[in-house]
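Trainee: Got a structure here, written out as structure tokens. Questions coming.
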Amino acid sequence: MPQGGCRNDLEGLVFDNQTPDLPKIPGEFILENIFQINLRRSKWVNLGVIFGMMIIYRLIFLMMIKINEDVAPSVHGCIARRRIQRRKRNQNTSVGVIQSPSPGPM
């Protein structure tokens, strides 16, 4: 159950007890003891936490994009250089192996 909606709905309400002899149950008691919601914290603190999380997540996302822009080309360059070196090695070794056909004894 969302904390904000629950808090707004139950604050200020009074509920009947199961037996009429016992006192009524205030909504604040339910929020604090059953749902374990801190009523001393302001809604502005909650809003500040949400905005802080938004800013932090956006900064993390921006850092990931910038790192990807800087690192990805260098990784692709390294991979391309290794492939070129392998091809050159394969061509050099294959040239030595291939022999031109010589005419047989006449």
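Trainee: At q = 0.35 Å⁻¹, what is the log10 ratio I(q)/I(0) for segment 52-92, with the Debye formula run over Cα points and no solvent?
Mentor: Log10 of I(q)/I(0), two decimals: -0.99.
Trainee: With θ taken as phi - 60° and the coefficients 6.51, -1.76 and 1.60, list the Karplus ³J(HN,Hα) couplings across segment 72-88 in order, rounded to whole Hz; mark glycine and proline as x.
Mentor: For segment 72-88, the Karplus curve yields 4, x, 5, 5, 5, x, 4, 5, 5, 4, 5, 5, 5, 5, 5, 4, 4 Hz.
Trainee: Turning to a different aspect of this structure: For segment 1-40, what number results from the quotient of the Cα radius of gyration and 2.2 N^0.38 Å?
Mentor: My calculation over the Cα atoms of segment 1-40 gives 1.20.
Trainee: Report, by chain and number, residues whose modeled amide H sits under 5 Å from the one on ILE37, excluding near sequence neighbours (fewer than 5 apart, same chain).
Mentor: Long-range HN contacts for ILE37: GLU32.
Trainee: Something else: Across the Cα atoms of segment 1-67, what radius of gyration and what greatest pairwise Cα-Cα distance (Dmax) are found, in Å?
Mentor: In Å, with Rg to one decimal and Dmax whole: 18.9, 67.
Trainee: OK, next. May I ask you to evaluate 6.51 cos²θ - 1.76 cosθ + 1.60, the Karplus curve with θ = phi - 60°, for each residue of segment 19-26 and list the ³J(HN,Hα) values in order in whole Hz, giving x for glycine and proline?
Mentor: The phi angles translate into 10, x, 6, 7, x, 6, 9, x Hz.
Trainee: Starting with the fewest neighbours, write out THR93, THR19 ranked by other beta-carbon atoms found within 10 Å of each beta-carbon.
Mentor: Lowest count first: THR19, THR93.
Rule-based calculations on the coordinates, nothing more; no lab input. Predicted model only: the values in this text are computed from it and were never measured. Because the Cβ atoms are built from the backbone with ideal geometry, glycine has one as well, and the counts that use them run over all protein chains shown.
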